[in-house]
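The values are calculated or read from the model by the stated rules, or taken from the named source; none is laboratory data. These figures come from a predicted structure and were not determined experimentally. Counting neighbours? That spans all protein chains shown, and the Cβs are built from the backbone with ideal geometry, glycine included. Side chains included, ligands, DNA and RNA excluded: accessible areas come from the protein's heavy atoms. Shrake-Rupley method; radii C 1.70, N 1.55, O 1.52, S 1.80 Å.
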Amino acid sequence: MDCIFCKIIEGSIPSTKVFENERVLAFKDIQPAAPVHILIIPKKHIPTMNDVKDEDADLIAELFAAARQIAKEQGIADAGYRLINNVNSDGGQVVYHLHIHLLGGQKLSTLLAN
Ligand code: AMP
Ligand code: ZN
């Protein structure tokens, strides 16, 4: 499959991993928009939030559980952080494999990430 995040999951494209279990992977964004900028993805290829099915509910919950754990490990949980999911063209989605941006490490000044 021609998906850059699937290639990161299988290891054919390198990444700096910060969290991994059987269903979820998190790695540093290659173009960080904040001191902490991590992408949290399901290992299952789901293109966008629009493609999430009811049976994916546990998986989506796991993405947020990973976000909570990573924010704590990165030392930004108390100061605060932002979770963003871009959907399709108007949402600014560039990579069509579901991902949550975890941004923090500074005061995020606007509502938007980039
Ligand atoms: P989005 O615009 O929500 O689709 O975000 C895609 C994100 O993936 C951008 O912030 C990119 O910087 C990031 N990205 C693209 N390629 C890579 C890569 N090989 N490793 C890490 N992050 C990447
Ligand atoms: Zn994929």
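Some observations on this one:
- Helix 57-73 vs. the chain, principal-axis angle (Cα, 0 to 90°, nearest 10): 30
- Centre separation in Å (Cα based) which lies between the range 6-37 and the range 59-114: 13
- Here residue 44 is the anchor, and the lysines within straight C-alpha reach of less than 30 Å, apart from those fewer than 8 places off in the same chain, are 7, 17, 28, 53, 72.
- Taking all protein chains together and rolling a 1.4 Å probe, residue 51 ends up with roughly 60 Å² accessible.
- Total formal charge among the other residues, if their Cβ is under 14 angstrom from that of residue 56, Lys/Arg +1 and Asp/Glu -1: -1
- Across the alpha-carbon set of the chain, the Rg to Rh ratio works out to 0.94, Rh being the Kirkwood radius.
- Accessible area in square angstrom per residue, the range 21-104, 1.4 angstrom probe: 53
- Overall, the ratio between the Cα radius of gyration of the range 67-114 and 2.2 N^0.38 Å, rounded to two decimals, is 1.24.
- Secondary-structure-derived ellipticity at 222 nm for the chain, considering helices only, amounts to -7000 deg cm²/dmol, per-run term -39500 (n - 2.57) for DSSP H runs with n ≥ 4.
- Heavy-atom accessible surface of the chain: percent carbon and sulfur, 1.4 Å: 51
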